Every structure is written in C-alpha cells, then in structure tokens.
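Structure record follows, encoded as structure tokens.
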Amino acid sequence: MKAPAPSTDVMRDRTVRRILAFFAVISAVLVAIAVVSVRNIQRSAASSDWVNHTHAVILEVNDVLSAVRVGDAAVLTYVVTGDPQSRVAGREAFSDVDEHLAAAKALTRNEPAQHEEVARLDTLAAKRIEFSGELLAARQSGQPDAVRVLLASDAGEEALADLQRTAENLTNEEMNLLADRDRTSFLQAQMTRWTVWSGVVVNLILLGGVVWLISDDIAARRRAAAVLQEANDVLEARVRERTASLTAANQQLVIENLERSWLGQSQEHQIRYNQLIIDSISDLVFVLTKALNISRINPAVVHLTGFESQDLIHQPLSRVARLLAEPRAAAPLVNPIARALVEGRDLRDQPAEVEDRNGKATPARLSVYPLRDRDKVVGGVVILRTGGPNL
Amino acid sequence: MNPWGQRLRWAGLGAICAGLAFTVAGLRAFTLSDLLGDSRMTPKSFAGRFWDFDYQVFPYVQDPDVFLKTKTGNCQDYAIMADYVLKRKTYQTRLIHVVLACGSAHDVCYVDQVKGYLDFNNRVYARTIQRSGRTIREIADRAAASFDQDWTTASVYTYDYTEDFKHLTLTVVKTDPPSEDPDAATEFASR
C-alpha cells in the first residue's frame, strides 16, 4: 500500500523554512567570520604597530649613538682646525641627540627595563655633550692648555664604547621584543587565514546542504507528481469504464423504451380494438368491480338507459339493472351476482330488468362473467340482452 | 570690422596681460619681511605663495631667506616658517613632527583657527590646508595616511631661527593608549 503523498503546500512551506534556516545559519557564519576577521585584523594592525614601535626604538637609539659620534667628531675637528662649519655641525648633531633621546624616552616609557637603558644612554650622552661643551668653551676662549688637559683626561673611545654597549644592549632587548611581536603578528595572520578558510568551508558545507535540500525537495515533488499522475490515470480509467457502462445502459434503456413504446402502442391498439368490439355489441355490457360498482359501460347502455357514462361510473349496478326472482323461488339471501364473483363462476342467462333514466323498466337476460387476474377474481362483466325469444 | 569681434579681441588681449602679470608676480621671489609685512596674511594665502617651490632634503633647518630665495626646501623648512609667520599674525600654531614607520619623518604646522594643518606636500594643490582634529594623534594619523604609512611617534616641538634648536615638548607614541597621550587631558578640557 502506498503512503499518501504529502500536500504540496505543506511540502513547500517546510522546504522554504529549511532553506531560510540554512541561509540564516550561513549569514550568521559570514557575520561571525567578518567580526572575527576584523578583530584579527585590528590585532594584527596593533601587532604591526608594536613591530614598528620596536624598529623605531632601535632607530632612535642608533640615531642617538650616531649623532653623539658625529657631534664628537665635529667638535674635535673644530678644536683642531678652528673650522666654524664643524662647530655648527657639532651643535646640530648634539641638538639631534636631544631630539632622538626625547623620542626614545617617549617610546620606552611603558617598558621599564628599556626605559632604564635609555636613561643610562641619556646620562652617557649628556656627559659626552657636556665634555664637548667644555672643550668648545676652552677652544673659544683661546686656552690651549685647558684644551690639552681636557683631551688628556678624556676617556675618548672608551666613553663612546660604553655608549655603544648600552645602545647595543638596548637594541638586543628590542630585537628580542621584535621577535616576540613578529611571532604574535604571524600567529594572528595565521589565525585570520584559519578563520577565513574555516568559515569558507563551513559555508560551502551549508551551501551543499541547501543544494541537497533543494534537490531532495525537487525529487519529492517529482514523486508526488508521479503519484498524482498515477491516481489521475486510475481515476480516468474508472471514469472511462463508468462512462462506457453508462453509455451501454443508456443504449439498452433507449432500446427498452422503444420496445415499451411499441408495446404501449400495441396495447393501446388492442385496447381500442377491444373497445370497438365491446362498443359494437348491441347488448348492454357493464364492467364491475369486485364490490359490484360499475367501472365501465358500452354505448348500448347509454342508448337504452339515457344515462351518460359519467352518470353510471362508480355507481352500483343495481341502479340500472337487477335480477328478477324466479316466480316460485324465495328471494335469495345473497346477491347472486356477488356470490358468482366470490365463487368465481359464471352466471348465465338470468331474468333481469333494466331501468332507464325515466324509471321505465325493460326486461332483459343477465349473464355474469368473473374477470380473473392470475386466478384471482378482480371484478366481473355483466351482459344484459334485451331482445330475443326468452324474454 | 565687426564691433563685437573687435571687443572680443581686446578682451582676449586683456586676459593674456592679466595672466602674464599674475605669473610674473607669482614667480617673483619674496622675503620673510614680505610675509611678515603682509597685513592680510592668512594660512591659506601663506600656503598659496609656495606653489612653485621645489623639494629638497637638508639635514638642517635652512635659513628662512635662503629657503625663500632658492625656493627649495622641505616640509620642515615650510612648517617652521609657517609657524614663525602665522604666530606673528595672531594665529595659534603648533609644529608637529611625525615619525613614520619607515624611519623618515614629516613636519606640519597645525593652525587652531582653521582646524587643519599646512603641509608642504599640499602646496601645489588647490586645497592647501588639510583639515584635521586637534590632537597630536589625529594629526599624526592624517599626516601618515597621506603617505599610506603608519607612524610610530609624533611630537610637538618649538623652533627658533636664532637659537637653531628644536625642542620637543610633547611626544605621543602610537602604541600607547590614546587616553595616556600627553595632550589627551588638555584636549579633553578644551573640548
């Protein structure tokens, strides 16, 4: 037995709801991917800022060292040669030292260890600048001895080497930080890639689900259409059979009707023929019911009695005709006509009289013949003969 | 001759003369005294005088007269001169030094009254003043974005031609929370 095919509307509603649910999930995944990706990008940008920050610290520290070296060399050149350009160059270089140190301090203000190193760098640079200032002052005031004393007491390369060591320490620390920050940045980039690709895969799976759902729905619709078609075919076959049966019955009915019509015509003809026969009889003919009421008469009755047919129909026979008792016989207890009908036997040639419209009696001879229908007496025929030798 | 044709000819000649006069006036070198003596000086008109200047890097701040005479300089020369001139025209200005992620730096002169800064790189454009927020961070963001780069630090500094010395007064670090910026409290109070 086949399961009933689901209603198309119900099926469509369910499928639409499922597809909408799938698309809602896909949208949610897309939004989630977008949010996570944007956050990762923001983190990545922040990591990138930190990488730039580290590079900036290294750059500023190196610039400090470089500016101190340039300024130191320029001041020494001025002291030796008296070249004013060297003095200006020295002053500008030391000015740059302050600028770079200020930037380095600002960059490391939230990193205590590095900030301490920058402070140490600041101290060393300040000492070097102070020494250069003293040297310049001695040179400008024309005190060669003082210049010589200052140069003799100068740690020279050692002081610069100390400065360089501090800068290198700081740079190494920053390089370690750089490695960490670069790793963080890399991991965040990897996380972003993973997030995006995972989202793409999830969405592809969901889209596959939607495709499956749609194809399943189409297949279900096709099955439903096939079942419907099959049912229609069966129904059409039944309709065809029924139509053929009805057509045949109708044709049979038409034939039967035709036959009945012919039979009716034949019976009518027979009745008319019988009527003509009865009407042509000169004797008075009465057709009686079982209760002896007149149901039919022939024209001879009308002619003799003067009554019209409608005056006698449903009237008792005794109104126009009656049996006459035998001269020597006693009056019967039961009407002989009724008894003949009850007993189903003929009553022949009995004396009787017929009374017309005016009350005039006419002698007649009466015969009764019971009418049978399948052995059952349903009425009778009374014939009154008014002429003849036995009256 | 058709009188309308004659009028058109005279009008064309007049336009050519006016254009030539404008070009000659524009090409004529001006001095710092000219700038200071201009009583109708505005940031916009100041910037309009530098449209034909060439760019060249110098490791120091040029003497203002040399800068104007040679018509060659960089963002630092331009910003410092704008600060110097406009301050004397009752404008409130700030010199901003933005260090980019690549290590190079860019200087601009922010003018409070016009809510924007003068940038040497904008001298040839019709829009010579770049609109920006007041904070150092906002200015640095906008200035660095014009190079399609990130920045690391931005500082407010002062400069005096006679001392020839840049003094950094406030420095903002990009990685620091904006609420910890040295000018954050000041800006919040002023708003």
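Just so you know, all these numbers are worked out from the coordinates, no wet-lab data involved. Computed from a predicted structure; not experimentally measured. Here Cβ is always computed from backbone atoms with ideal geometry, including for glycine, and neighbour counts include all displayed protein chains.
What is the helix-to-structure angle for A:144-153, meaning the angle in degrees between its Cα long axis and the longest Cα principal axis of chain A, kept from 0 to 90 and rounded to the nearest 10?
Helix A:144-153 sits at roughly 60 degrees to that axis.
Based on the inverse mean of 1/r over its pairs of different Cα atoms, what is the Kirkwood hydrodynamic radius of chain B, in Å? Walk me through the intermediate numbers first.
Working: mean 1/r = 0.0548 Å⁻¹.
Roughly 18.2 Å, rounded to one decimal.
Under the classification rounded if a/c is under 1.5, otherwise prolate if a/b is larger than b/c and oblate if not, where does the stretch A:55-114 fall, given a ≥ b ≥ c as square roots of the Cα gyration tensor eigenvalues?
Values: a/c = 3.89, a/b = 3.26, b/c = 1.19.
Note, shape of the stretch A:55-114 comes out prolate.
Provide a whole-number value for the mean count of partner chain Cβ atoms within 10 Å of the Cβ atoms in peptide A:173-183.
On the way: counts 0, 0, 0, 0, 0, 0, 0, 0, 1, 0, 0.
Rounded to a whole number, the mean comes out at 0.
Find the lysine pairs in the protein assembly as shown meeting two conditions, Cα atoms under 25 Å apart and a separation of 8 or more places or different chains, and report how many there are.
Lysine pairs meeting the criterion: 23.
Given Cα pairs under 8 Å that are at least 6 residues apart, what percent is the relative contact order of chain A?
Dividing the mean separation by the residue count of chain A yields 14 percent.
Compute the angle between helix A:112-140 and the longest alpha-carbon principal axis of chain A, please, reported from 0 to 90 degrees and rounded to the nearest 10.
30 degrees
Can you give the longest run of chain A that contains no trypsin sites (Lys or Arg not before Pro) sitting in a DSSP loop with at most 13 other Cβ atoms inside 10 Å?
On the way: sites that count: A:K2, A:R328, A:R345, A:R357, A:K360, A:R374, A:K376.
So the longest stretch without any such site is A:3-327.
Please check chain B for the longest run free of chymotrypsin sites (Phe, Trp or Tyr not before Pro) that are loop-located per DSSP (anything but H, G, I, E, B) and have at most 16 other Cβ atoms within 10 Å.
Result for the longest clean stretch: B:61-124.
Based on Cα coordinates alone, diagonalise the gyration tensor for the stretch A:1-131, multiply each eigenvalue by 5, take square roots, and list the semi-axes in whole Å, largest first.
Largest first, the stretch A:1-131 gives 73, 14, 8 Å.
Can you pull a Stokes-Einstein diffusion coefficient for the stretch A:145-273 at 10 °C (1.306 mPa s), Rh from Kirkwood over Cα pairs, as a whole number of µm²/s?
Numbers: Rh = 26.9 Å.
After rounding, the answer is 59 µm²/s.
Diagonalise the Cα gyration tensor of the stretch B:115-191 and give the resulting equivalent ellipsoid semi-axes, square root of 5 times each eigenvalue, largest first, whole Å. Before the final figure, lay out each step's value.
Numbers: eigenvalues 88, 66, 36 Å².
Taking √(5λ) for each eigenvalue gives 21, 18, 13 Å, largest first.
When averaged across all projection directions, what area in nm² does the alpha-carbon convex hull of the stretch A:281-386 cover? Could you put the intermediate results ahead of the total?
Details: hull surface 26.4 nm².
Convex hull of Cα atoms, orientation-averaged projection: 6.6 nm².
How much net charge surrounds A:D63 when only the other residues with a Cβ under 14 Å from the Cβ of A:D63 are counted, with Lys and Arg +1 and Asp and Glu -1? Write down the numbers at each step before the final one.
Details: positive: A:R69, A:K105, B:K166; negative: A:E60, A:E92, A:D96, A:D98, A:E99, A:D122, A:E174.
Here the count lands on -4.
Looking at the P(r) of the stretch A:174-241, how many percent of alpha-carbon pairs lie beyond 14 Å? Write out the running numbers ahead of the final one.
On the way: 1740 of 2278 pairs.
Pairs farther apart than 14 Å: 76 percent.
Return the calculated 222 nm mean residue ellipticity for chain A, to the nearest 500 deg cm²/dmol, obtained by summing -39500 (n - 2.57) across DSSP H runs with n ≥ 4 and dividing by the residue count. Please list the in-between numbers first.
Working: 8 runs with 280 residues, N = 391.
After summing the helix terms and dividing by residue count, I get -26000 deg cm²/dmol.
If I histogram all Cα-Cα distances within the stretch A:8-216 using bins 5 Å wide from 0, what percent of pairs lands in each bin?
1, 7, 11, 11, 9, 8, 7, 6, 5, 5, 4, 4, 4, 4, 3, 3, 2, 2, 1, 1, 0, 0, 0
So what is the 222 nm mean residue ellipticity for chain B from helices alone, if each DSSP H run of at least 4 adds -39500 (n - 2.57) and you divide by all residues, rounding to the nearest 500 deg cm²/dmol? Show your work: numbers first, answer last.
On the way: 7 runs with 74 residues, N = 191.
Result for chain B: -11500 deg cm²/dmol, rounded to the nearest 500.
Ignoring solvent entirely, what values of log10 I(q)/I(0) come out of the Debye formula for the protein assembly as shown at 0.08, 0.11 Å⁻¹ when each Cα is a single scatterer?
-0.83, -1.12
Considering all alpha-carbon pairs of the stretch B:25-95, what whole percent are spaced by more than 14 angstrom? If you can, show how the numbers build up before the last one.
Working: 1398 of 2485 pairs.
Of all Cα-Cα distances in the stretch B:25-95, 56 percent exceed 14 Å.
How much space per residue, in cubic angstrom, does the convex hull of the C-alpha atoms of the stretch A:60-183 take up?
Working: hull volume 11.0 nm³, N = 124.
Enclosed volume per residue, from the Cα hull, is 89 Å³.
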